[in-house]
Amino acid sequence: MASYRFLFLLAVVGLASAFEIGTINKYSYETTVVVTEKCGFDSDSPVGHSLKASVHLTAIWESPQNALKRLLKIEILNPKLSVSTKSGLKEHTSELDKLSSSPSYILWEDGSPKKIFDDPSEHYTLRNLKRGIASFLQHRKKDQDTREIDVSGECDIIYKIEGNSIRRRKGNCVHSKFDKNLSQGYGVRSASAVHQSTVDCEWKDGKTLTASKCKSTEYVKLYSNAWHRPSMCVDERSGLVLENTGKEAKIFENKDLESVIEELKKSQVGLEEDTLETVLVINEEKQKKRQLKSTITRLEKDLSTESLATVSSVKAFYKLLPIIRTSSAEEILQVLKNEKFVKIMPQILDLVAACATKNCLRAAFEYFDEETEYNLLLERFIISLSILPRPNADFIKQLRETHSSWTAESHRTKVVEKEDDTAETHTTKVVKKEDDEFLEKDREDLVESSVLTTLGTILNTYAQNSAIADAQVVEETRVYLEEGLKKCDPESEFCTLNYLRSLRNAARPRSARVFLEYALKGGKNALEAVLGLKNIPMHLLPPENQVELLKVFHQIDAYQDRSTRAIAAEILLKQHPNRSVLKSILKSLLDDKDAEFSAFLASKINHLISTDPVLRKSIIDILPDKDINYYLTLAQNGQSSLFRRPMVALAGTNVTYGLEMEMLEGGMLKRSVFDVSFENAAGDQSLLSVGLYASGLGAVAGGDSYEDPEEDSSPTAGMNLGFLDSYLRPYVFFRSTSELMGHAWSGTASEQTPVLQCILSFSDDEKLVVLSNGMIVRGQMRGVLSADAGASAKISLWNRNSKSLVKNDASLLVRGVVTLDAGFVVTQGTIQFSGESGIDFVVDLDFYEAPFTTCIQMQHPDITVKFDIFRSVKIPATDYELKRTKRRIFSIPGRSFAFNEKNDEMCHTLNSNSES
């Protein structure tokens with residue numbers, strides 16, 4: 001055993017001083033790259049290329065002060081390209097045959113290449129190939145987990161040594177030259193590029209150890225986090241085998257490194273020092289010269305409003321996006337001002353928003369510069385900006401400055417009006433009240449509301465991209481929003497609610513104190529405040545906030561809306577409070593004065609304990625207590641309820657739907673929230689949230705339904721819409737008895753009214769991975785979502801019933817491309833999935849007599865999702881190109897979704913009455 005250990009120590013010391021001075025180590029080298037749908041080389045129809053060459057590796061200098069520090073000369077001779085054909089890989093002529101390769105020099109120290117000296121005029125693929133071979137031979141003296149730099153960048157490395165065999169595994173590599181602004185923050189809408197590499201080397205005994213054989217296998221897998229299949233894999237396999245040796249005529253002795261390099265430069269003038277990281281060259285695909293205006297004209301039909309939520313609309317948008325991103329501000333402005341495009345101008349503005357380059361934003365703001373009154377197109381443009389997948393700091397600053405200038409202009413206008421009208425005190429007060437009315441149609445209301453919600457949403461999106469997020473920009477914007485909230489006139493409900501909604505979208509943990517302050521005051525602001533608290537990740541909420549939340553729940557110091565109380569309880573329960581807080585919440589279920597609130601809260605608790613085992617155990621431990629009536633606590637007779645159920649599970653993603661129904665005593669609907677969410681390993685994301693709310697309808701309905709004591713007596717109804725975690729301003733159906741009656745008698749509400757129509761950038765992500773052979777894999781994931789949401793309501797005062805319909809239609813296209821462009825050969829793989837879907841949300845209400853009957857139904861039609869896979873390899877400047885295509889269709893049958901038993905009973909009652 002002792003002799004074995006001694007030999008092992010000699011071996012690891014020898015590894016550090018590998019490669020004998022003056023000996024030419026002659027290797028055969030081969031590397032093969034293929035693109036496949038499933039990772040592995042067992043594909044029946046591989047598409048890719050292979051490179052063969054002779055490699056000479058020679059130690060030409062050893063440091064007089066350190067025997068472990070050497071300079072290695074590396075040469076690539078007679079490289080040949082082979083490409084896929086129907087009968088397998090075959091050698092093919094290419095520009096590679098004409099390329100010349102000069103020697104490069106690697107500074108080797110203690111088993112690791114530290115830097116490289118090479119000629120920048122040499123073709124980048126050959127330069128990178130030599131970097132890859134140097135990384136091939138990188139080793140350590142013992143088993144080790146570390147992080148080090150090689151051809152792929154800075155990587156996590158695991159070394160495993162067994163005798164003279166070394167295994168080197170790497171992953172999680174980051175290239176220092178890659179522009180991180182091109183990548184989204186990790187989430188459901190982003191892409192993932194999984195990279196794993198394994199290199200096994202055997203070292204031959206001798207005076208100094210020499211690598212006798214090395215082989216590597218690795219893969220890069222690109223997929224959308226929203227839907228893991230189809231995926232695209234790049235598989236790489238390389239081998240380096242020592243064939244024989246020779247003697248090098250020119251070696252350097254008793255010289256320092258600087259002198260050696262100067263000597264080498266006499267014969268290689270262009271020699272420059274560089275890092276071992278691959279030379280990053282991104283060859284953008286040469287687009288055919290296409291003018292923005294002419295392309296829009298050709299795709300005008302697909303961009304029409306009638307084509308929204310169809311696959312043709314997202315495909316047209318996808319084609320236009322790269323064109324507008326390379327267009328000048330002048331070209332874009334000419335399109336915006338072109339009267340021939342008036343009918344499709346909303347969709348063009350969506351395109352400009354998704355583009356988000358400096359030229360696009362400059363053209364858009366110049367186009368809207370003269371606007372002083374409410375403009376539907378301006379609001380739509382701002383809403384589209386809120387869904388940007390990767391906003392940058394400059395964009396956040398620009399939007400903040402735009403809002404600040406508008407606010408200052410609005411303030412100056414109001415001051416002038418006040419000075420002009422001082423004599424008419426009563427009239428001024430009336431006008432001021434009308435100006436502050438919630439969601440009044442002028443620039444200060446609708447547009448500013450959308451600017452604020454957009455600013456909050458993009459701040460959250462930007463902050464989640466930790467690779468680029470500037471903490472100072474995030475903090476400055478949060479403070480800007482909170483300072484704006486402080487400046488709101490206490491009588492201006494509009495101002496306060498909009499700033500709270502913006503902070504809710506921003507979801508900054510430091511805003512928790514602000515939310516609590518407004519929650520404790522009660523009223524409508526309190527509901528928005530607790531929704532803001534709910535939007536902050538639970539683990540980032542300080543536990544000391546539980547005292548204030550308990551005050552909100554128990555209505556201490558201020559009356560609280562039941563929705564506010566229920567959300568406060570939900571936040572408390574998610575924080576796993578102590579036993580006394582839990583008992584306090586459970587005891588409230590015994591209060592029979594408000595059966596609907598108790599029923600709704602009980603539903604919330606049942607849902608939470610079904611997903612949280614810790615909370616479940618805590619509550620089960622408390623239920624047997626004497627002061628907690630087990631039966632009454634769990635058994636509630638109200639109609640209010642909450643639930644969440646799976647909609648579809650496929651390819652690593654669960655799509656779920658949920659419904660919250662808050663009823664008033666007597667059967668009147670108070671508030672309902674329906675949402676569809678993605679859930680997978682990348683996180684959770686709300687795809688769509690539709691909330692309906694109503695108040696003050698008891699008198700109109702003629703019933704004695706319970707009304708909240710501080711609720712506005714004026715009949716009010718509307719819809720709250722959330723889209724991809726961006727909560728938009730409310731859409732108000734009516735705010736008074738006269739508006740309600742006007743809709744009822746004229747029938748205007750029965751017409752389908754657009755609420756959200758847009759084409760958005762769903763994904764815009766880019767990844768870069770360098771293979772062990774030095775070849776660059778560029779992964780791009782682009783997604784486009786087209787949506788058309790609208791609402792209608794048929795009201796019959798004669799029959800005392802109503803029917804509301806919310807239609808949500810959408811289409812989605814996601815396309816991922818992996819490209820290996822070596823200059824003389826291009827291998828590419830593309831995955832694409834596309835489809836159309838829709839969800840209809842119907843609410844029937846019969847208020848002929850108490851108790852009222854409410855039926856909620858939801859359904860979606862048949863869904864067809866198309867999966868396309870394209871793979872190709874081509875040699876530029878030749879006629880060679882190989883393409884392979886695979887198509888699949890996946891069908892999801894249409895269905896109606898079951899809600900709770902009470903809702904089913906009411907739907908059965910309404911259907912029976914309509915048939916009789």
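The values are calculated or read from the model by the stated rules, or taken from the named source; none is laboratory data. Keep in mind that what you see is a predicted model, and the values were worked out from it rather than measured. Here the Cβ positions follow ideal geometry from the backbone for every residue, glycine too, while neighbour counts run over all protein chains shown.
Of all residues in region 320-359, how many are within 18 Å of N181 (Cα to Cα), in a helix (DSSP H, G or I) and under 22 Å from the mean Cα position of the chain (by Cα)? Walk me through how you get there before you give the answer.
To start, the set of residues in region 320-359 that are within 18 Å of N181 (Cα to Cα) comprises 321-322, 325-326, 353-359.
Filter again for in a helix (DSSP H, G or I), leaving 321-322, 325, 353-355, 358-359.
Keeping just the survivors that are under 22 Å from the mean Cα position of the chain (by Cα) gives 321-322, 325, 353-355, 358.
Within region 320-359, residues that are within 18 Å of N181 (Cα to Cα), in a helix (DSSP H, G or I) and under 22 Å from the mean Cα position of the chain (by Cα) number 7.
List the residue pairs whose Cβ atoms are under 9 Å apart, where the first residue sits in region 824-843 and is closer than 30 Å to L669 by Cα, the second is modelled with pLDDT of 95 or more and surrounded by fewer than 20 Cβ atoms within 10 Å (Cβ to Cβ), and the two are 6 or more positions apart or on different chains.
none
Just give me the residues in region 111-139 being over 16 Å from K215 (Cβ atoms) and hydroxyl-bearing (S, T, Y), in sequence order.
S112, S121, Y124, T125, listed by residue number.
Output yes when any residue across region 531-546 is assigned to a helix (DSSP H, G or I), without any contact (Cβ under 8 Å) to a residue 40 or more places away in the chain, within 21 Å of K902 (Cβ to Cβ) and under 30 Å from the mean Cα position of the chain (by Cα), and no when none is.
No, the conditions are met nowhere in region 531-546.
Search region 788-844 for residues being not aromatic (F, W, Y) and not in a strand (DSSP E or B), and hand back the single one that is modelled with the highest pLDDT. Walk me through it before giving the result.
To start, the set of residues in region 788-844 that are not aromatic (F, W, Y) comprises 788-797, 799-823, 825-832, 834-840, 842-844.
From the residues that got through so far, the ones that are not in a strand (DSSP E or B) too are 797, 799-800, 822-823, 825.
Values: L797: 70, N799: 74, R800: 75, A822: 92, G823: 91, V825: 95.
My answer is V825.
Run down S618, S584, S610, S588 and say which single residue is of a type in the set (G, A, S) and closer than 30 Å to L721 by Cβ.
Details: S618 fails: closer than 30 Å to L721 by Cβ; S584 fails: closer than 30 Å to L721 by Cβ; S588 fails: closer than 30 Å to L721 by Cβ.
It is S610.
Output yes when any residue across region 347-363 is more than 22 Å from Q398 (Cβ to Cβ) and at pLDDT 95 or above, and no when none is. Spell out how you get there, then give the answer.
First, the residues of region 347-363 that are more than 22 Å from Q398 (Cβ to Cβ): 347.
Filter again for at pLDDT 95 or above, leaving 347.
Looking through region 347-363, at least one residue is more than 22 Å from Q398 (Cβ to Cβ) and at pLDDT 95 or above.
I'd like to know if region 887-894 contains one or more residues that are outside any strand (DSSP E or B) and either loosely packed, with under 12 Cβ neighbours inside 10 Å or at pLDDT 80 or above (or both).
Quick first cut of region 887-894, residues outside any strand (DSSP E or B) only: 893-894.
With either loosely packed, with under 12 Cβ neighbours inside 10 Å or at pLDDT 80 or above (or both) added as a condition, the list becomes 893-894.
Yes; the residues of region 887-894 include at least one that is outside any strand (DSSP E or B) and either loosely packed, with under 12 Cβ neighbours inside 10 Å or at pLDDT 80 or above (or both).
If you scan region 765-795, which residues turn out to be touching a Phe, Trp or Tyr at 6+ places or on another chain (Cβ under 6 Å) and of a type outside the set (A, V, I, L, M)? Quick ask: steps written out before the conclusion?
Residues of region 765-795 touching a Phe, Trp or Tyr at 6+ places or on another chain (Cβ under 6 Å): 768, 783-785.
Within region 765-795, G783 is the sole residue that qualifies.
Can you tell me which residue is modelled with the lowest pLDDT among those in region 849-863 that are more than 21 Å from L692 (Cα to Cα) and not hydrophobic (A, V, I, L, M, F, W, C)? Can you show your working first?
Going through region 849-863, the residues more than 21 Å from L692 (Cα to Cα) turn out to be 849-850, 861-863.
Then drop every residue that is not not hydrophobic (A, V, I, L, M, F, W, C), which leaves 849, 861-862.
Working: E849: 74, P861: 86, D862: 87.
By that ranking, first place goes to E849.
Determine which single condition T422 fails, assuming it passes every other condition in (1) outside any loop (DSSP other than H, G, I, E, B); (2) β-branched (V, I, T); (3) at pLDDT below 85.
It is condition (1) that T422 fails.
Suppose the filter is crowded, with 20+ Cβ neighbours inside 10 Å and more than 27 Å from D489 (Cβ to Cβ); does I585 pass it? Explain how you work it out, then say what you get.
Values: crowded, with 20+ Cβ neighbours inside 10 Å: yes; more than 27 Å from D489 (Cβ to Cβ): yes.
Yes, satisfied.
Can P613 be described as under 30 Å from S677 (Cα atoms), loosely packed, with under 15 Cβ neighbours inside 10 Å and free of Cβ contacts under 8 Å to residues at least 60 places away in the same chain?
Working: under 30 Å from S677 (Cα atoms): yes; loosely packed, with under 15 Cβ neighbours inside 10 Å: yes; free of Cβ contacts under 8 Å to residues at least 60 places away in the same chain: yes.
Considered against the rule, which asks whether it is under 30 Å from S677 (Cα atoms), loosely packed, with under 15 Cβ neighbours inside 10 Å and free of Cβ contacts under 8 Å to residues at least 60 places away in the same chain, P613 comes out as yes.
Criterion first (at pLDDT 95 or above, over 22 Å from the mean Cα position of the chain (by Cα) and in a helix (DSSP H, G or I)) does S405 satisfy it?
Details: at pLDDT 95 or above: no; over 22 Å from the mean Cα position of the chain (by Cα): yes; in a helix (DSSP H, G or I): yes.
For S405, the condition - at pLDDT 95 or above, over 22 Å from the mean Cα position of the chain (by Cα) and in a helix (DSSP H, G or I) - is not met.
For region 645-702, enumerate the residues that are at pLDDT 80 or above, part of a loop (DSSP other than H, G, I, E, B) and surrounded by fewer than 18 Cβ atoms within 10 Å (Cβ to Cβ).
A681
So is L549 under 34 Å from the mean Cα position of the chain (by Cα) and under 25 Å from G658 (Cβ atoms) or not? So that I can check it myself, show each step before the final result.
Numbers: under 34 Å from the mean Cα position of the chain (by Cα): yes; under 25 Å from G658 (Cβ atoms): yes.
Yes; evaluated as a whole, the condition is true for this residue.
Looking for whichever is of a type in the set (K, R), under 26 Å from S152 (Cβ atoms) and out of contact with any strand residue (DSSP E or B) (no Cβ under 7 Å at 6 or more places or on another chain) here; the options are K180, K221, K215. Which one fits? Steps first, please.
Details: K221 fails: out of contact with any strand residue (DSSP E or B) (no Cβ under 7 Å at 6 or more places or on another chain); K215 fails: out of contact with any strand residue (DSSP E or B) (no Cβ under 7 Å at 6 or more places or on another chain).
Answer to the selection: K180.
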